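First the structure, in the form of structure tokens, and then the observations on it.
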Amino acid sequence: MALYLKKLAVLNQGTDAVAQLVNVMEGAEGSAVFGYNVEDASLGVANGQKLQFKQTHTLSLSVLPPAGENATVMDAILASESPVSVRVSGMSDDTFLLWDNAGYLMQNDEYGDTITRHLTMTEVATIGYRGVAPATKLPVYSGVNALAIYNLNAGSTTALNGFTVAGGATGVTSSGGTQVVTVGATVVANTVYFESNNIFFPFEGESLTVSMFVNVAFTPGSFAMGIQFLSDPTTVISTSSVGFSSGATGTRIFHTATIPATTKYIRMSVLSLSGILTGSAFTITTPMIALTPRTTYGV
């Protein structure tokens, strides 16, 4: 598959500094070739069958020379005598690119009608999710659901892949990606009971829609589903959420929010609102973070 990127951000793994880059769509050699591409490799086995065993992920695009703080960050990455590991995120109109494995960028200057820089990065990886639950994930993800970088249809005995049960609650998962979270003995409003891992996505002004399917009625009270914006791995700038109660059973609930300034990371969360009782519980499946208000679950 090929993905045309309209935005790209680079994270210096050592300093947590971020550079945002502008993709050149036309007028320069190599512009808008694809941005990101993935190719499968296979082995020929008995009876002429093919066995796919690895994928090569390639980032390749021309960008305008960065300026200001973006230039400072990129110079620190590319001018260092020792390779600097980075993570990359990007987006098209409705598709995420999340390059979560640490990699190394290469840069070539290009001269023509305009001066641009050509960036490349590659990752060769086994096909499919890997790692230990609840952190089984892909090294590079391209798709409509940012959370699907993790294997959302499975997890540990307590949490779906990519998520953590928090706030003193307990969790149980079952086949098919069903998650049950039960509130503990101490109930405090605005406590986060279930949250995803941080996802590097620093694009101020872009809209994100979080959604999930609520399966089973719970004890009276109400929870909220939302999205948190963080300026570093632990500092929450703000939380945007929508409440839901037992009346939401059997429906998919949605909430859309705009990424604020200084955001580096995003994460989905479920938190308490009011009237939550000790032992209250909610059951959900198919959580999603999307770039468009999708009415159906996707990966």
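Every number in this text was worked out from the coordinates using simple rules, so none of it is lab data. Keep in mind the model is a prediction, meaning the values are calculated, not measured. Every residue, glycine among them, receives a Cβ derived from its backbone with ideal geometry; neighbour counts consider all protein chains shown.
Of all lysines in the structure, those lying under 30 Å Cα to Cα from residue 54, and not within fewer than 8 positions of it along the same chain, are 6, 7, 137. With neighbours defined as other Cβ atoms within 10 Å of a residue's Cβ, the residues 6, 264 order from fewest to most as 6, 264.
Nearest 0.05, what FRET efficiency do residue 71 and residue 273 give at R0 = 41 Å with Cβ-Cβ as r? Don't skip to the answer; put the middle values down first.
On the way: r = 44 Å, r/R0 = 1.08.
Result of the calculation: an efficiency of 0.40.
Site pair residue 238 and residue 104 shows an inter-label distance of 4.1 nm when each label is modelled 7 Å from Cα along Cα→Cβ. Among 258, 136, 286, the ranking by other beta carbons within 10 Å of each residue's beta carbon, starting with the fewest, stands as 258, 136, 286. Phi angles of segment 202-212 translate, via the Karplus equation with coefficients 6.51, -1.76, 1.60 and θ = phi - 60°, into HN-Hα couplings of x, 8, 4, x, 6, 9, 10, 10, 9, 7, 7 Hz per residue; Gly and Pro are given as x. Binning all Cα-Cα separations of segment 155-290 at 10 Å, short to long from zero, yields these whole-percent fractions: 13, 45, 34, 8.
Taking neighbour counts of Cβ atoms within 10 Å as a proxy for exposure, in what order, fewest first, do 93, 232, 100 appear? Walk me through the numbers before you get to the answer.
On the way: 93 8, 232 12, 100 19.
Exposure proxy ranking, most exposed first: 93, 232, 100.
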